[in-house]
Amino acid sequence: MLLDASLAERPQPEWLERAAWLAQGRARSLAGGRGGVLFVDTPVGACALRHYHRGGLMAQLSRDRYLWLGAERTRAFREFRLLAVMANAGLPVPAPVAARYQRDGLRYRADLLTRRLDGVEPLAARVRAQRLDHGLAAAVGATLARFHAHGVWHADLNAHNILVDVAGKVWLLDFDRCRVRKPQLAWQRANLLRLRRSFDKLGARRVSGFDLSFWHPLLAAYHAAMVEAGSAGAGA
């Protein structure tokens, strides 16, 4: 296990057991992603528990087993450490609480426990409901620029992994397979294009004035923040 040593109470292995939480009636399942997320009330506060599941064709071979390449290369440990780095840098991410792997020969399973973000909704919900405006676009663009300026490459940047809280603050989550890279035009631009494809899948092209009222203001805020950060920007 890896854990946040600053917590008032040391996380225990059972905190990462989905079945245990469900049996106690102290959890709520949230659909989405591969296998979903479990909201649990731990002794150190409200958290989100995720069990790592495979996607695509590999899921047909093994639903939640990964090839063992060493503890530090497990999905849970890598995401925990990246979240810790980002949280310490002041980036808006859920703080990591604990991570573990369970090895079985040449394979392993993994789980991650993070702080729960309350009062948030996915940006995807805003797109579907057409509740978009210049202010939200600017907040999303500036937030993405903060991550890119720190070299954070998100492997699956989409409207479901961008959350907005009641105060309008933008958060990012699901950093599985993500990593820190040297800020560079090519991958930054690819990240933004991936997000744009996510919007299009949600029907953004059918939203009247989407580009003018949301996408272009998002890019403008992104570029302005990147210039302010003194880092390479990206075009999309």
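Taken together, the values in this text are just the output of simple stated rules run on the coordinates, not laboratory data. These figures come from a predicted structure and were not determined experimentally. Here Cβ is always computed from backbone atoms with ideal geometry, including for glycine, and neighbour counts include all displayed protein chains.
Quick look at the numbers
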| item | result |
| --- | --- |
| Highest to lowest packing among 14-20, 107-113, 176-182, scored as the average C-beta count within 10 Å | 107-113, 14-20, 176-182 |
| Pairwise label distance in nanometres, residue 89 with residue 200, each label 7 Å out on the Cα-Cβ vector | 2.9 |
| Percentage relative contact order, the chain, counting C-alpha pairs under 8 Å, at least six apart | 18 |
| With Cα atoms, 0 to 90° folded angle of helix 185-201 axis to the chain main axis | 90 |
| Net charge of neighbours whose Cβ lies under 13 Å from the Cβ of residue 155, counting Lys and Arg as +1 and Asp and Glu as -1 | +2 |
| Stokes-Einstein D (µm²/s) once Rh is taken as the Kirkwood radius of segment 112-222 over alpha-carbon pairs, at 37 °C in 0.692 mPa s | 230 |
| Cβ charges +1 (Lys, Arg) and -1 (Asp, Glu), total dipole of segment 1-153, debye | 480 |
| Over 31 Å [Cα-Cα, the chain], rounded percent | 26 |
| Part-to-part distance (alpha-carbon centres) for segment 87-113 and segment 214-230, which is given in Å | 31 |
| Contour excess over end-to-end distance, with Cα ends at residue 19 and residue 106 and 0.36 nm allotted per residue | 28.9 nm |
| Sequence-separation-based contact order of segment 120-229, relative, with Cα cut under 8 Å and 6+ spacing, percent | 44 |
| Which of 98, 76, 163, positive extreme of dipole for the chain (C-beta unit charges) | 76 |
| Residue 91 long-range amide H proximity, modeled H, under 5 Å | none |
| Cβ-based charge dipole, the chain, positive-most Cα from 24, 187, 7 | 187 |
| Degrees, to the nearest 10: 75-88 long Cα axis against longest axis of the chain | 50 |
| Extension gain from residue 6 to residue 181, taking 0.36 nm per residue of separation minus the Cα-Cα distance | 60.2 nm |
| Charge dipole (debye, nearest 20) of segment 120-229; +1 at Cβ of Lys and Arg, -1 at Cβ of Asp and Glu | 340 |
| Choice from 37, 140, 93 with maximal GNM fluctuation in the chain (Cα, 10 Å cutoff) | 37 |
| Overall dimensions of segment 2-115 as given by Cα atoms, namely Rg and Dmax in Å | 14.1, 42 |
